[in-house]
Each structure stands twice: as structure tokens, then as C-alpha cells.
Amino acid sequence: MNIISINLKEKCYKIYIERGSLKCIGEKLKSVYKSRNVVVITDCNVGKLYLNTLRESLLSAGFKVNSISIPPGEKSKTLDVLKGVYENLCKFNTRRSDIIISLGGGVVGDLAGFAAATYLRGIRYIQVPTSILAQVDSSIGGKVAVDLPWGKNLVGSFYHPDAVFIDPEVLVSLNDRFFSDGMSEVIKYGFIRDKSILETLASLPSKNDVLNNIEDIICKCCNIKKQLVEMDERDLGDRMMLNFGHTLGHAVEKYYNYVKYSHGEAVAIGMAAITRRTEEMGITKSGTYDYMKYILEKYVLPTCIPDLNREAAVDSIALDKKSSSNGTLNLIVLEEVGKARIMKVKIPQVQEFLFLDETK
Ligand code: GLY
């Protein structure tokens, strides 16, 4: 088992990375909590596959288990679905001393975490991420949120889990599209911080080979996330590096109503678009874009910007939470493979960083 500790001023918690750990969560929690009431929040797809295993583990450790299942997908990350979660928590008579477990990908984790942060002014919660994206990124670092019609994650909080249990075995059930989706975030870590991740990804011939090596890959990503979150818990400095590709990515996701492109696909488009432009501008070392295109395509991710209305995209980018108040945006750009930096760009100039000049 690999254990990574997240050490913050006001909270320390551990990430446990172990194959088969889903079956042992009950025993682990039993020694830590007095309460024997757990509410598992999941989605219908993940619930069908893994809720029973988790429930059995909790029941045999003496917990009483209630569960809430939401429809899968980004469309569920809304105030309406959250209201339904609160209603169920009330119906189950959930108390402050009880525990929420989030079992699912990024959507479930963000929504369940936000419910935990706000219900009764905050109750403890555990993250059990079941997608690559959630295992390497969203389950760690305490960002919890729901979307509003005006954009992603516009209502949220920083609220850390008590622990994160990562069981790489659950990834075998990911279909090819959601495997690629998660690999986009892994590729992001490689480009912003650690090119050895990309070397590994380039050397592995198939999805199966990646899954056979996924523990090491997850560990590397989680260690990068640990460093950035410990340095900058509130996302005001270095942590913003994790948003590489996300500025345009979020706009693409929203423009297509969260249906056409998954988060990872949209981030891949965002990473490729900005790197292509910054390389042309001389900010990024030559050859970086071609290497990125090669890796993204190897993992069946899109690299071309879709046909979207640029003004609408820039409007939604301006509302992105990373905008600063004085009309500038913190864009993450690469200097070279494995090295990112933050660049402050005035909102009217953002287009130049993301879109090719079609007049040339
Ligand atoms: N997912 C980006 C962050 O946690 O900062």
C-alpha cells in the first residue's frame, strides 16, 4: 500500500492507494469513528458496480448504511440535485457526528463533498474515487462545488475529506472513453511538473499495460497534487498550475452543454490550443506542442479546437473563477515539457492565447 499524507495548517489526512482497498474500508473506519452511521453518496452507474462491496465492508464492521444515488454525469452537479441530497440526509436523520462517503468520479465527489461541507454546517466525509480523474485529482485537495447555469463550480468551498481511499482495481470497469478522459489529467501532470510520467505513458503500448502500472502513475500524480495543495491550499498561487488547459476546457464543456465533450477531452483541447499558441509566440520551447499532440492522440484525446463561438467562449472564460478582479486572467502556460508557469493576461487578450489567427 502507498500512503501519501496531506499536511495542511488546519487539517492533515491520508491518501491510501491500494488494490482491493474498497473491501477493507469498513475495518479502517471502525477504529477511527465513534458514530456507526454512514451515508454513501454515489451515482447509478458506479452504485450498480461497487455499492454492494462497500456496503458489505461497512455492515460487517458494524456500520448502519444508507445510500443516495444521483444520475451520472456533469448534469447532476446542480443545486437541484444537491437539494435532493439534503432531503435524503434529513430523511435518514443524519447527525453531525455521522459520516458521508463519496463513492464515484469527480461529479459525485464534488457534489457529495459540498453536501458534507454545508449540511449541518459541515460533517465529516471520506472520498472513495472510482475514476482516474477523481483518483489523481478531484478527490484530493478539498475543492467541492456545484455548477450554476453561468458556469462550472461557481458555488463551492474548500472542505477536505478525512481520508481518501484509492482502489486502482475499480478502474478496470472504465470504458475506453472514460479511460482516455482520466488520462488527460495524468498527461496534464506530466506537462506541468514531471516529464517522467509522459515517458512512462509513451512507453506503455496498451490500456491494459497502463492499468497494470497505474498505481505508480497515480502515486506520482497524487504526490504532485500534495505538493501544490500544501504550498497553496486556497488556489491563489502555485496550485493554479493544475488548471493547465482548464480555462478553455471549461468553456468548451459549457458551450456544448456538458454533453459533447467530457471534462478530460475538453482539457485536452485546452492544453493543445494554448500550447500551440504559446509555442508560436515563443513562450514555450519549440517541439512541445508536437510531443503533446503525439501523447494526447496516443490516448485517443482530441487536440483540435472545435467550431465554437469565440465571443461566447471568452465571455464564459471571463466568468471563470480564476479571473482576477482587475480584468486579468491567470493563464497557465508551459515553458517546456514538465515546467509550467502562471501568466497574467488581460481579458481582451485571452483570445490570442487560445485561438489561431485565421486572418493570417
Ligand atoms: N482540480 C484542480 C485543483 O484541485 O486545484
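The values are calculated or read from the model by the stated rules, or taken from the named source; none is laboratory data. Everything quoted here is computed from the prediction, not taken from an experiment. Ideal geometry is used to build each Cβ from the backbone, glycine not excepted, and the neighbour counts take in all protein chains shown.
Assorted remarks:
- Qualifying residue in the range 103-117 (condition: outside any helix (DSSP H, G or I), surrounded by fewer than 24 Cβ atoms within 10 Å (Cβ to Cβ) and touching a residue at least 60 places away in the same chain (Cβ under 8 Å)): no
- Checking the range 258-266 against the condition returns a match, with at least one residue being touching a residue at least 12 places away in the same chain (Cβ under 8 Å), more than 18 Å from Asp307 (Cβ to Cβ), part of a helix (DSSP H, G or I) and within 16 Å of the ligand (Cβ to nearest atom).
- Close Cβ contacts (under 7 Å, 6 or more residues apart or on different chains) running from residues in the range 299-312 that are within 18 Å of Gln349 (Cβ to Cβ) to residues that are in a helix (DSSP H, G or I) comprise Ile305/Ile269; Ile305/Ala273; Arg310/Gln351; Ala312/Tyr255.
- Filter result (part of a strand (DSSP E or B), of a type outside the set (D, E, K, R) and away from the ligand (no atom under 13 Å from the Cβ)) within the range 121-166: Tyr125, Ile126, Val128, Val146, Leu148, Gly151, Leu154, Val155, Ala163, Phe165, Ile166
- Residues being within 16 Å of the ligand (Cβ to nearest atom) and either crowded, with 22+ Cβ neighbours inside 10 Å or of a type in the set (Ser, Thr, Tyr) (or both) - total across the range 194-226: 4
- Any chance Lys254 is basic (Lys, Arg) and either surrounded by fewer than 18 Cβ atoms within 10 Å (Cβ to Cβ) or within 16 Å of the ligand (Cβ to nearest atom) (or both): no
- Some residue of the range 329-337 being assigned to a loop (DSSP other than H, G, I, E, B), among the aliphatic types (A, V, I, L, M), under 16 Å from Met241 (Cβ atoms) and touching a helix residue (DSSP H, G or I) at 6+ places or on another chain (Cβ under 6 Å): yes
- Within the set Met241, Met292, the sole residue that is modelled with pLDDT of 95 or more, touching a Leu at 6+ places or on another chain (Cβ under 8 Å), at negative phi and not in a loop (DSSP other than H, G, I, E, B) turns out to be Met241.
- Flag if Val186 is at pLDDT 95 or above, under 17 Å from the mean Cα position of the chain (by Cα) and on the phi < 0 side of the Ramachandran plot: yes
- Flag if Asp238 is within 15 Å of the ligand (Cβ to nearest atom), under 19 Å from Lys9 (Cβ atoms) and of a type outside the set (A, V, I, L, M, F, W, C): yes
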